[in-house]
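Working notes for the structure below.
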Amino acid sequence: MIYLDYQATTPLAPEAREAMLRWLGDEGDSFANPSSTHKAGRAAAAAVEVARDQVAALLPRGGRVFFTSGATEALNWALFRGADAKPGGVAGLSIEHAASLQCLERLNAAILPVDGEGLALPSDEVLIPQNGIVATMLVNNEVGTIQPVADFAAAAHAKNSLLLCDAVQGYGRVAIPDGPDLIALSAHKIHGPKGIGALWVRDGVDLEPLMVGGAQEQGMRSGTVSPALCAGFGAAAALAAERFDADAAHVERLWSLAMDMLPEWTINGAASPRYHGNLNVRREGVNGLRLMSDARDVAFSLGSACGSGSGKVSHVLRAMGVSEADARASIRLGWGRYTSETELRDGLDAIKAAARLQGVN
């Protein structure tokens, strides 16, 4: 299997796996509850704090990291509790991930448009709530476009509103801008384990807990914390910081290779500003779903993994003005640190061969 679906999830880094194994043993000092006050518990708690610092190192200064079960929990927490704290209204981009978008719908949010390139239009002062909360993702998960988060943060702050940034696809890959009040993260998008994410909360922002029942996470998120998952997340974040430039250069080389091999395909979304580990393309005459079946030895997708089984066309492409026919002819390819040039070349050759089976040369 050639894996080209890095937006859905990424391979676990060996360093993250090793960090987790330390806390998955059968000895008392490797499985202790980090809330316990005995020596083993304190050691587990210390590991959690090391991981917290590692995750925070890639984020703006002046905030706190709270571990969650994933980015979906972090986004729900930020939006629902943020709307309680700032009741003036809610707004968010039309291309947000479903984890945000469905919250926005429940909150009767104003939906902010994007252009045909998948980039947010300049913030409309009328649509930005007064004393509310605005959701603006950093890197779109379907087309990779990088949104002007800092501009929206400034517009939100001018009206005493909070800015929530879904940084899931950007964290560890592109610089996180200053300005957000809340930032949602996920470990498994940066070669960490599944089942853990984080919400970063800027100092001075008062947010009520999403769950109660214990004093974990400084009283903000009840539930026993997993030192193994935290350690894996922390190790993945530290590795992303260490390899930031090398990973970026590798992704650019793979992007150039893909551009050379797919000249007949049309890119969905702007080529810049964009994270170049995400290539969403379409070809007239192609049926994306059939393409996945015919190129079954290559793992790629039609869009967000969270919505790919619904049969619906991408809400992101439709928000960009892409026709339903073109959206169904689109596929998403993703690569990263552990993708070799040979793998990408072989994967694209297989996809092109599958397209020819549909009569597309």
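Where a number appears in this text, it was derived from the coordinates with a stated rule and is not lab data. Note that the structure is a prediction, hence the values are computed from the model and not measured. Ideal geometry is used to build each Cβ from the backbone, glycine not excepted, and the neighbour counts take in all protein chains shown.
Ranked from largest, the principal axis spans of the Cα set of segment 50-134 equal 42, 32, 24 Å. In this calculation the C-beta distance from Asp26 to Glu264 is compared with R0 = 45 Å, giving a FRET efficiency of 0.20.
In this rough spin-label picture, where each label sits 7 Å from Cα along the Cβ direction, the Leu257-Ala98 distance is 3.1 nm.
Close amide H contacts of Asn280 (hydrogens built in the peptide plane, cut-off under 5 Å, sequence separation of 5 or more or a different chain): Asn268, Leu333. For Glu15 and Glu284, the difference between the fully extended length at 0.36 nm per residue and the C-alpha to C-alpha distance is 92.6 nm. Computed over the chain with a Gaussian network model linking Cα atoms closer than 10 Å, the most mobile of Tyr338, Tyr171, Tyr275 is Tyr338. Running a GNM on the chain with Cα contacts under 10 Å, which residue among Ser314, Ser186, Ser323 ends up with the highest mean-square fluctuation? Looking only at Ser314, Ser186, Ser323, the largest GNM fluctuation is found for Ser323.
Taking amide H atoms as placed 1.01 Å from N in the peptide plane, the amide H of Ser330 lies under 5 Å from those of Gly288, each 5 or more residues away in sequence or on another chain. Counted residue by residue at 0.36 nm each, then reduced by the alpha carbon distance between them, the extension gain from Arg243 to Leu357 reaches 37.0 nm. Rounded to the nearest 10 degrees, the inclination of helix 244-261 to the longest alpha-carbon principal axis of the chain is 20 degrees. For the pair Asn131 and Lys159, label points projected 7 Å from Cα toward Cβ lie 1.4 nm apart. Once the Cα atoms of helix 149-158 and of the chain are each reduced to a long axis, what angle between those two axes, in degrees from 0 to 90 to the nearest 10, is obtained? For 149-158 against the chain, the angle is about 50 degrees. Remark: segment 197-205, residue by residue, has Karplus-estimated 3J(HN,Hα) of x, 7, 10, 8, 10, 4, 4, x, 8 Hz, where x stands for each Gly or Pro and the curve is 6.51 cos²θ - 1.76 cosθ + 1.60 at θ = phi - 60°. For Ala299, the residues 5 or more places off, or on other chains, whose built amide H falls under 5 Å of its own are Ile2, Tyr3, Leu4. Could you give log10 I(q)/I(0) at q = 0.09, 0.15 Å⁻¹ for the chain, computed by the Debye formula over C-alpha point scatterers of equal weight, without solvent? The calculated log intensity ratios at q = 0.09, 0.15 Å⁻¹ are -0.51, -1.27.
Here's the thing: no lysines lie within a cross-link span of Lys189, going by alpha-carbon distance under 20 Å and ignoring same-chain residues fewer than 8 apart. Mean projection of the Cα convex hull over all viewing directions, computed for segment 158-260: 8.8 nm².
Ignoring aspartates and glutamates fewer than eight residues from Lys352 along the same chain, the ones with Cα atoms less than 19 angstrom from its Cα are Asp5, Asp260, Glu264, Glu284, Asp294, Asp297, Asp326, Glu341, Glu343.
Summarised in one figure, the compactness ratio Rg/Rh of segment 314-361, Cα atoms and Kirkwood Rh, is 1.08. Between the helical axis of 39-56 and the longest alpha-carbon principal axis of the chain there is an angle of about 40 degrees. With distances taken between every two different alpha-carbon atoms, segment 251-361 has a Kirkwood hydrodynamic radius of 14.2 Å.
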